[in-house]
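Undergrad: My structure is below; once you've seen it, I'll send some questions.
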Amino acid sequence: ENKAPVTVIGLGPMGQAVVTTLLEHGHPVTVWNRTASRADGVVDRGAVRAGTAAEAVAASRLVLLSLTDYQAMYDILGGITDSLAGKVIVNLSSDSPERTREAARWASDHGAAFITGGIMVPESMVGGEGAYVYYSGPREVFDAHEPTLALLGRPDYVGTDAGLAQLYYQAQLDVFLTSLSAFLHATALLASAGVPATEYAPWAKETFGLVAYFLPEAAKAVQDGEHPGDQANVTMMGATADHIVEASKAAGIDLELPKAVKSHYDRAIAAGHGKDSWTSLYEVIKG
Ligand code: NDP
């Protein structure tokens, strides 16, 4: 079976992992990177080095980009837009949803189809168990290339809006980064009393499990806009949020995160949600 040729532009750790995975599955892969030496490893594994970005684009209908941001795409392709007609550009780089939508229009102006991708795992996990990638853009274009894209990880198509895969990506990292900071903050709180981080970690895991357990119910409350406060209400939880700020002050550790959380509770109470469930914080957060 002849596998479709793929071009990959951008060979940071992620781009290299993408190329390696495609090569392992027998796809001919053409690569280009601004710093040419960064292609050496994948060329040793069988990728073809293009001399210029235009040559790289010419080599395949499917062109994957793995760059620091969307500006890098314009820096690379902006001068060779004549080569883009008929191409399918899958941009796996991170940027704002608005810049992503702009890029889809830009690609379309030059006759290319544009798919946004958000790889949700570190490069070491690309192509393996548990890897998944959000995609958005024209459905039929995604469908046509899904078998190839599926090699990188489970492809999760989220809609036609080019910005949507990017927004999903950021939503997931919103949860991830905030959780990591919360974990480190809690660790510092206990460390102020001499508790080692390794001792606390299993307890933090319990709480992450509890959060996961409550999510479906909380999502339903948010969706329905109904926040009955017969269990944990905002006034009670807000008092706890206040105690965390106080404890953090006493411990001499950073206050920004617990203050931000306390502020959600304060504003929910001010808006009349004191007796509602904590899910009513959503009314404050959604802006
Ligand atoms: P790097 O920052 O290591 O690589 C970025 C690539 O972009 C390099 O090939 C670099 O070229 C190129 N580049 C940057 N600016 C320009 C420019 N102005 N002109 C031309 N080329 C440019 O990033 P990663 O490989 O780690 O990540 C790539 C994307 O994947 C990012 O958007 C990242 O958010 C995303 N991602 C990464 C993950 C990871 O584990 N690494 C996980 C999930 C997503 P040069 O080599 O010449 O500098």
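Undergrad: For a quick check: with amide H placed at 1.01 Å from N, whose amide H comes under 5 Å from residue 34's, ignoring anything fewer than 5 positions away on the same chain?
TA: Sorted by chain and number, the residues that satisfy this are 10, 11.
Undergrad: In which sequence would 67, 190 go, from the one with the fewest C-beta neighbours within 10 Å to the one with the most?
TA: With the sparsest Cβ surroundings first, the list reads 190, 67.
Undergrad: May I pose another question? With 10 Å bins from zero, work out the P(r) of the chain over every alpha carbon pair and list the percent per bin.
TA: 6, 23, 25, 18, 17, 10, 1
Undergrad: State which stretch of the chain is the longest one without any exposed GluC sites (Glu not before Pro), exposure meaning a DSSP loop state and at most 10 other Cβ atoms within 10 Å.
TA: Here the longest segment lacking exposed loop sites spans 130-287.
Undergrad: Can you give the helix-only mean residue ellipticity at 222 nm for the chain, where every DSSP H stretch with n ≥ 4 adds -39500 (n - 2.57) and the sum goes over all residues, rounded to the nearest 500 deg cm²/dmol?
TA: Value at 222 nm, helices only, nearest 500: -17000 deg cm²/dmol.
Undergrad: Return the FRET efficiency for the residue pair residue 259, residue 217: r is the Cβ-Cβ distance, R0 is 41 Å, and the value is rounded to the nearest 0.05.
TA: About 0.90, to the nearest 0.05.
Undergrad: Here's something else I'd like to know. Could you size up the charge dipole of the stretch 118-212 around its Cα centre, putting +1 on the beta carbon of Lys and Arg and -1 on that of Asp and Glu, and report it in debye to the nearest 20?
TA: Charge dipole of the stretch 118-212: 220 debye, to the nearest 20.
Undergrad: Of the candidates 274, 12, 118, which one comes out as most mobile in a Gaussian network treatment of the chain with C-alpha springs shorter than 10 Å?
TA: Ranking 274, 12, 118 by mean-square fluctuation puts 274 first.
Undergrad: Given contacts defined as C-alpha pairs under 8 Å and at least six residues apart, what's the relative contact order of the stretch 192-285, whole-number percent?
TA: 36 percent
Undergrad: What size of dipole, in debye to the nearest 20, comes out for the chain about its Cα centre when the only charges are +1 on Lys and Arg C-beta atoms and -1 on Asp and Glu C-beta atoms?
TA: So the dipole magnitude of the chain works out to roughly 400 debye.
Undergrad: For the chain, set up a GNM with springs between Cα atoms under 10 Å and report which of 81, 68, 198 has the largest fluctuation.
TA: Maximum among the listed residues: 198.
Undergrad: Further question on the same structure: With each label point set 7 Å from Cα along the Cα-Cβ vector, what nm distance links residue 34 and residue 176?
TA: Calculated label separation equals 2.3 nm.
Undergrad: Tell me, what is the percent relative contact order of the chain, built from C-alpha pairs under 8 Å that lie six or more residues apart?
TA: 12 percent
Undergrad: I would also like to ask the following. ³J(HN,Hα) across the stretch 23-35 via Karplus (A = 6.51, B = -1.76, C = 1.60, θ = phi - 60°), whole Hz, x for Gly/Pro?
TA: After applying 6.51 cos²θ - 1.76 cosθ + 1.60, I find 5, 4, 9, x, 7, x, 10, 9, 10, 8, 9, 3, 8 Hz.
Undergrad: When N is the residue count of the stretch 192-285, what does its C-alpha Rg come to as a fraction of 2.2 N^0.38 Å?
TA: Ratio of Rg to 2.2 N^0.38 Å for the stretch 192-285: 1.20.
Undergrad: To continue, here is another question. Specify the residue with the greatest mean-square fluctuation among 33, 233, 91, computed from a Gaussian network of the chain linking alpha-carbon atoms under 10 Å apart.
TA: Ranking 33, 233, 91 by mean-square fluctuation puts 233 first.
Undergrad: On to the next question. To the nearest 20 Debye, how big is the dipole of the stretch 174-237 about its Cα centre, given +1 on the beta carbon of each Lys and Arg and -1 on that of each Asp and Glu?
TA: Here the stretch 174-237 has a charge dipole of around 220 debye.
Undergrad: Here is a follow-up. Dipole of the stretch 6-160 (Lys/Arg Cβ +1, Asp/Glu Cβ -1, origin at the Cα centre): which of 56, 121, 27 lies farthest to the positive side?
TA: Highest projection toward the positive end goes to 56.
Undergrad: Something else now. Over 26 Å between Cα atoms, which of 259/286; 262/286; 205/286; 3/87 qualify?
TA: Long pairs (Cα-Cα over 26 Å): 205/286.
Undergrad: From the square roots a ≥ b ≥ c of the eigenvalues of the alpha-carbon gyration tensor of the stretch 1-148, which class results: rounded (a/c under 1.5), prolate (a/b over b/c), or oblate?
TA: rounded
Undergrad: Among 278, 32, which comes first, second and so on when ranked by fewest other beta-carbon atoms within 10 Å?
TA: Arranged by neighbour count, lowest to highest, 278, 32 become 278, 32.
Undergrad: Select from 2, 274, 169 the residue farthest towards the positive end of the dipole of the chain; place +1 on Cβ of Lys and Arg, -1 on Cβ of Asp and Glu, and compute about the Cα centre.
TA: 2
Since every read-out is calculated from the coordinates, none of them should be taken as a lab result. Note that the structure is predicted; figures quoted are calculated from it, not measured. Cβ coordinates were reconstructed from backbone atoms using ideal geometry, including for glycine residues, and neighbour counts include every protein chain displayed.
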